[in-house]
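Below you'll find the structure, written out as structure tokens, and then a few comments.
The values are calculated or read from the model by the stated rules, or taken from the named source; none is laboratory data. Bear in mind the structure is a predicted one, so any value in this text is a computation, not a measurement. A quick note on method: Cβ atoms are made from the backbone with ideal geometry, for glycine too, and the neighbour counts reach across all protein chains shown.
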Amino acid sequence: MVNFDKNRIILLSHLNVTLYALCFWIQIGTLPYLTQKFDVDPITFGNLQTTFAVVQLMGGPLFGRFGDLFGCKYALALAFISAFLSYFLLGVANTVFIIFLSRLPSVFMHAMQGAQMVITDLTEPSERPDKLGKLGLSYAVGMVLGPVIGGWCTTYANEQVAAFVAACGSLLSIVLVVLFIPSNTKGFILKENTEKTLKKSKKLLDFDVFTSLIWKNPSARKLLFVKMLSGLPVGILHGMFSMIALNHFHLSAEANGYVLSYAGFLSIISQGLVIGRLTKRGFNEWSLINGCVAVLCVSNALMSILVNGVIGFCISLIPMVVAGAVFSTVIQAMLTKTVQSEDTGSMLGVSMAVHSLIRSVSPTIGGFLFQYYGFWSFGAIGFLCNGLLLVYLLISNPR
């Protein structure tokens, strides 16, 4: 019988997040080159990304509720099984229909959310932003390695091989979760509340729970609105970047992998060095949010006006990625503090649903903007959204 240790569980969660990001970014970097074989245009590619996001939107809240009811172990296993099926279908795809079909198993492919649930269960609220930031650091490591490995697979083999490599990585994660993650991670912090938790509703789809999490929780509503408005331009750029790299910067699959890895490296610096230092110095959380939105506003304006080539784009990514990493981590930590500890998984699921909602509309918007207005429009819409949000925050935030 495995002897579970809190630090070991946290370490394993970091390893699984790295593996998840590695596999996810292997297929993300190679997907546009696979679709190019079937003459997929930017709008259809945007629809493909939208399909993925809509499917994840449907599964995010249910996944979080599943984790609260049955434990993070089974939730993580479900996430990696979904990832394996999605990547395997992509590997055997020989038509555009099969590529679209490969997006459907991703309904429960929420491994990052599952790992956040584990970290939230095992940490106190005061240390949560730093711990969640470190989890983002592990994700960024996979984000650095994944595109490079995907580019190599595409260059020296083909896109299907890259998808099969991602599927194998997901199988490894399933084994690690089954062997080394305990069924109940909430018990490490909430031993005294276990009996109370067991008396709560056991329904997977409980509208009363989600109503109390959102409509009866003004603090959460405000945070989710802020996340949605600031996240929309990021989602548009993220959803279309591989297509931008292919059709605007004219990068090869290998070069595209290096640019994505560069963005991942910036995220490592942000998650590993910036977030922890800011939170430990006692900066107010809303002050951090305001500062990040201001930086995003300026960096999007610069990208729209000044960036013509890939070098300029890489430079503009520096403030954008750093501010985005701090923003997303602080928002996630604040959301988990707006609910009781036994409902943190459900709240993270709602937060993931907002993220998926952004991704469900942003590829279609991005495909339209790119086809009819060009690359500069991505920075323009980022400046507009974050500028309006900054005005709202300066008016509404408590001093």
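Before moving on, here are some points about what is shown:
- Of all residues in region 262-281, one or more are of a type in the set (Phe, Trp, Tyr), within 21 Å of the chain's Cα centre (by Cα) and surrounded by fewer than 22 Cβ atoms within 10 Å (Cβ to Cβ).
- Any hit, region 239-246, residues being surrounded by fewer than 17 Cβ atoms within 10 Å (Cβ to Cβ), of a type in the set (S, T, N, Q), in a helix (DSSP H, G or I) and at pLDDT 70 or above: no
- Residue list for region 2-28, filter: of a type outside the set (A, V, I, L, M, F, W, C) and buried (at least 16 other Cβ atoms within 10 Å of the Cβ): Ser13, His14, Asn16, Thr18, Tyr20, Gln27
- Any pair with Cβ under 6 angstrom, 6 or more apart, that starts in region 106-117 at a residue that is under 14 Å from Val177 (Cα atoms) and free of Cβ contacts under 8 Å to residues at least 60 places away in the same chain and ends at one that is in a loop (DSSP other than H, G, I, E, B) and not aliphatic (A, V, I, L, M): none
- No other residue among Phe80, Phe100, Phe84 is within 21 Å of Leu357 (Cβ to Cβ) and of a type in the set (A, V, I, L, M, F, W, C) apart from Phe100.
- Among the residues of region 60-104, the ones that are under 27 Å from Gly345 (Cβ atoms) and surrounded by fewer than 17 Cβ atoms within 10 Å (Cβ to Cβ) come to 2 in all.
- Whichever residue in region 338-365 is among the small types (Gly, Ala, Ser) and within 13 Å of Gly231 (Cβ to Cβ) and, among such residues, is surrounded by the most Cβ atoms within 10 Å (Cβ to Cβ): Ser362
- Leading residue by the ranking (farthest from the chain's Cα centre (by Cα)) among those in region 250-261 that are surrounded by 17 or more Cβ atoms within 10 Å (Cβ to Cβ) and hydrophobic (A, V, I, L, M, F, W, C): Leu251
- Top-ranked residue in region 36-67 [being among the aromatic types (Phe, Trp, Tyr) and within 25 Å of Met243 (Cβ to Cβ); ranked as farthest from the chain's Cα centre (by Cα)]: Phe38
- Scanning region 314-327 for residues that are assigned to a helix (DSSP H, G or I), more than 20 Å from the chain's Cα centre (by Cα), modelled with pLDDT of 85 or more and more than 28 Å from Thr50 (Cβ to Cβ) turns up at least one hit.
- Among the residues making up region 1-36, a single one is of a type in the set (D, E, K, R) and modelled with pLDDT of 85 or more: Arg8.
- When residues in region 211-231 are screened for being farther than 12 Å from Val350 by Cβ and surrounded by fewer than 21 Cβ atoms within 10 Å (Cβ to Cβ), 6 of them pass.
- When region 166-185 is filtered for residues that are surrounded by 23 or more Cβ atoms within 10 Å (Cβ to Cβ), of a type in the set (Val, Ile, Thr) and in a helix (DSSP H, G or I), only Val177 remains.
- Only residues that are more than 19 Å from Asn256 (Cβ to Cβ) and either surrounded by 24 or more Cβ atoms within 10 Å (Cβ to Cβ) or among the aliphatic types (A, V, I, L, M) (or both) were counted across region 29-59, and they come to 8.
- Residue within region 285-293 that is over 21 Å from the mean Cα position of the chain (by Cα) and of a type in the set (D, E, K, R) present: no
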